[in-house]
Amino acid sequence: MSMNRRAFLKTTGAGLMASAFPISLVKLAFGGQDPSRDFTFGYISDAHIQQVKGTQFVRNWDMGLIRAVREANLLTPRPDFFMFGGDLAQLGKKEELDHGLEIMSSLRGKVRYVIGEHDYYLDLGKYWQEKISPLYYSFDHKGVHFVVLNSILTYHKWTYETWSSPMDRMLAMARLDNPQGSPFMVGDQQIAWLKKDLAKINQDTPVVVFSHSPIQKIFKPWNFWTQDAEKVQALLKPFEKATVIYGHVHQIQYNQIGNITFHAVMATAWPWPYPETYSQSASCLPKITVPMNRADPFFERDATGWQFVDMQSGKTAMHYQLPDNRNRTIAFDAATGKPQDVTYQDYSRRIPPQTHY
Amino acid sequence: MKTSSSGLKGMICTSAITVLFAACVAFAAPVGLPPVPVPADNPITPEKVKLGDKLFHDTRFSTTGEVSCATCHDKAKGFADGLPVSEGINKLKGTRNAPTIINAAYLHTQFWDGREPSLESQSAQPFLNPVEMGLKDHEPILKIVRSDPEYSNLFDNAFGKTGNQITMTEVKQALGTFERTLISGNSPFDQYYFKGDKTAMSPAAVRGLEVYVGQGRCVSCHRIEQTQALFTDNRFHMIGVSANQMPKDLDELSAAVQNVKEKGTDIAVLSNPQTSSLGRFAVTEDLTDIGAFKTPTLRNIELTAPYMHDGSHKTLEEVVTFYNNGGRLDEADPVPELLSGGIRPLNLTEAQQADLVAFLKALTSPEFAQK
C-alpha cells in the first residue's frame, strides 16, 4: 500500500470507510438490547472438495470455495470468527481435506470446523481430529454459548459391520435416496456430553448449536434429518434463546420449533432442490419463499453461496451472499417470534418458481 | 448502408408510427438483426441523422480542437480506433478499449460497465472526461452550435430550434440518432445461418460455428437466436481480463470505491487502471460484478483489434487461447479468484481453435469487409 493511501485511511476513519463500502457487506443494525454483545461471524459450508486424480481437483467446487473465501475477506467490519459447516471433502480423503484446508488458509480470521458425513465416513474422523478439529466441542463468545455437534453419526452396525471397505462405506453414505443408507444421529454418548455441557450454562444465556445435519426432521431419503433430533431439542428447550445452524441441505431453510430457531446455510459447491414434503412425520417447515433453482446452468455459482450471521443480543440474522443471484437476509422477527425473510416473506414479494419445459 | 426489403418483415414500430415508418424504411434492419429500438421521445429523422453525423465528427468540442467522437470511433477502423486503450486530447490515455459503435443501438446499456442506459446519455460524457475531450462543462459546445450558421440550419431542420433554444438535450438526441443508424449485419454468417446459403461461409468457418455453439460455449454469452444474432447477452461477466490489476484486499477495494464516489464513475474508471478493473461493480457495488464487463457484440470483430475491455489481447487467436485456458492467456497463470462460473477450460484442439477464429472472421459485414 502506498504511503498516501495509508495516510488517507488513517485520517478518514471508520465512518468514511463504512460509507465507501458496498452496503451488502456492512453489518446491519437490528437494534439489539445490549450492543456490547452484538457481533458478527462468517459461515462457509459444504465445499465438497473432490479429487479427480493426483493434484487435480474438481474445478467447479474449488472455485466455489475460493470465491467464498475471497468475498468473506472483504467483509467489514471484520467478523469475530468464522465457522465451516462440514463437507469440506467429497469422499473424506486426506488429499481432499488438505486441498480444502489450503484454500481455507487464506481466510482472514479464526475458523472453527463442524464435521460433515463426507469428511467422516472414510476414516471415521481420524484425519479430521488430527489435522482440523475435535468432532464436538463448545466455546463461549461475548456472552453466547456455542456448541459444535457431530450430528452425522449413525448405527454402530451400519458403520462397523456392513461394508467391505472404508471407501464402500463412504460411497454409500454419500449417495442420496440410497435404500442401504442410514439416518444421521447425534448418539447417546454425545447427548450425555451435551447435557453436561449445557448444565453449566444459565438459561438466559443465548445458546447456538452448529451441526452439519438439521437437528430437525425434514426429508429422510436425503438425510435432511437427524434421527434423535428431539433429544437434542429437549436439551435446548429450557433456554430462552436457542438457535441451530446447520449445513448439509445446500439451500436456505428456516424454522421455529418452540424456543428454537433453525437456519440452514448455503453450500459453496452446488444447490439442492427443495425436497418434496416427506410424509413419514408431519413437517412444519414454512413454504419456501424463493426456490433456489438455477435459472441458467451456465452460471455455475448461481444458487450457491456463503453467509454471515449477526448475533443481536442472542438472536440471529442470516445474511446470505448469493453470487449471480439476489442476496437474502433471514432475521428473527420479534413480532411474530419466528425467523423471516426481510424482503421476500410477504406473499406479494415472492419470486415464483420457474417452469421447466 | 445497405437496406434489405426482407428486414421490413414483421417490423414493429412501437410508437409514433407515422413518423417512424419513414425512418424504419430508411434504416430497415439488415439480415440477422432485429429492427432498431428507437426511443419514443427521439424518433429517427434524416435531418437529425445529418446533424448527428456532423456533431460526431466535429473536433471543436475538445479543448485542443483535435478530438471528436470519430477520433476513437473511426469508420475506417470499424468505428473503433485500433488502439489498446483510447487516446484523447494531448495523447492522454484512458484505461479502456474503444468499443465499436456499430450496432451499439441494440445494447441495453452503454460503456463497458453499462453505466449509462442510452446512446443519448452516453454521448455527453466523453466531452467532459479529462483524458478524452477535456471540456470543463458542455457550454463550449452550446456556444458553437448556437452561433455557427451551418449548425443553426441543421438544428432548425432537425428540431425546429435555434439560438438559445438549443440545449444539450438536442445535441445528445442528434448524436444518439446518428449512432442508431450505424447498423450492420448481413455477414457471411447471416447469409449462411438465416438465409440458408450453405456456400456463404468457408468449411473452416462452418466447423468453427459448431465449436462456437458447442464445446466452445461462446454462444452462452455471445448469443445467436432463432431469427437474429446480436452476439451479446447484454450482461456483465468477470472473465479474467485484467484480473491482476484488481484490488487485492479490502483497503485497495475501499480506496477504489472511494475514488468512484469522489470523482464520479466516468472520470474515476478512465483515470485509474485499478478502479477501472472493478468493472460493473463500480456501478452496482454487487460483489458478483467485481471485474465484470459487458459482453460486447462480435459482429465485425475482425476489424476492431486489439480486444477485451483493456485492449490486452492483440489478436483473435489470443482471445481464443484465453478462453480455452479458462480465463488465462498463459495456462501457468493462476485462475482469477472471482472468475465467473461460466468461464472454464474448454479443451479445444488447435484445429478447433483455428476454426473458431475462421468463424469469427465470417461475422464481418460486407460494407466493412477489407477490399
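The values are calculated or read from the model by the stated rules, or taken from the named source; none is laboratory data. This is a predicted model, so every value here is computed, not measured. Virtual Cβ from ideal backbone geometry, glycine too; neighbours counted across all protein chains shown. Heads up: the accessible areas ignore ligands, DNA and RNA and are worked out on the full protein's heavy atoms, side chains in. Shrake-Rupley method; radii C 1.70, N 1.55, O 1.52, S 1.80 Å.
Summary table below
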quantity: Directionally averaged projected area (convex hull, Cα atoms, the protein assembly as shown), nm²; calculated: 36.5 nm²
quantity: Protein accessible surface hidden between B and A, which excludes ligands and nucleic acids, total in Å², probe 1.4 Å; calculated: 2800 Å²
quantity: Number of partner chain Cβ atoms within 10 Å, mean per residue of A:208-217; calculated: 0
quantity: Area accessible to solvent at B:Cys218, 1.4 Å probe radius, in Å²; calculated: 30 Å²
quantity: Packing-based order for B:52-62, A:240-250, B:295-305, B:157-167, using average beta carbon neighbours within 10 Å, highest first; calculated: A:240-250, B:295-305, B:52-62, B:157-167
quantity: For the protein assembly as shown, size of Cβ-based charge dipole, Lys and Arg +1, Asp and Glu -1, in debye; calculated: 560 debye
quantity: Ratio Rg/Rh, restricted to chain B and using Cα atoms, in which Rh is the Kirkwood radius; calculated: 0.97
quantity: Peptide A:67-77 - average C-beta neighbours from other chains (10 Å radius); calculated: 3
quantity: Extreme residue, positive dipole direction of the protein assembly as shown, given options A:Asn255, B:Ala40, B:Gly326 (C-beta unit charges); calculated: A:Asn255
quantity: Portion, in percent, of the accessible area of the protein assembly as shown that falls on carbon or sulfur, probe 1.4 Å; calculated: 54 percent
quantity: Among the listed pairs A:Lys142/A:Lys241; B:Lys50/B:Lys195; B:Lys93/B:Lys314; A:Lys142/A:Lys195; B:Lys91/B:Lys314; A:Lys200/A:Lys237, those beyond 26 Å (Cα-Cα); calculated: B:Lys50/B:Lys195
quantity: Karplus-derived 3J(HN,Hα), 6.51/-1.76/1.60, for each residue of the range B:346-352, Hz, glycine and proline x; calculated: 9, 6, 7, 6, 4, 5, 5
quantity: Peptide B:342-348 - average C-beta neighbours from other chains (10 Å radius); calculated: 2
quantity: Pairs from B:Lys77/B:Lys198; A:Lys126/A:Lys217; B:Lys54/B:Lys161 whose Cα-Cα separation, in the structure shown, is over 21 Å; calculated: B:Lys77/B:Lys198; A:Lys126/A:Lys217
quantity: Amide proton proximity set for B:Ala80, modelled H, under 5 Å, gap of 5+; calculated: B:Asp74
quantity: Cut-off under 5 Å, modelled amide H: who pairs with A:His141 long-range; calculated: A:Phe146
quantity: Karplus 3J(HN,Hα) series, Hz, for the range A:242-257 with 6.51 cos²θ - 1.76 cosθ + 1.60 (x for Gly, Pro); calculated: 10, 9, 10, 10, 10, x, 6, 8, 6, 6, 7, 9, 8, 7, 10, 10
quantity: Å² per residue, accessible surface of chain B at 1.4 Å; calculated: 42 Å²
quantity: For A:Ile257, residues with placed amide H under 5 Å, excluding near neighbours; calculated: A:Phe262
quantity: Estimated FRET transfer efficiency (B:Ala76, B:Val213; beta-carbon r; R0 35 Å; 0.05); calculated: 0.65
quantity: Chain B: relative contact order in percent, alpha carbon pairs under 8 Å with at least 6 residues between; calculated: 19 percent
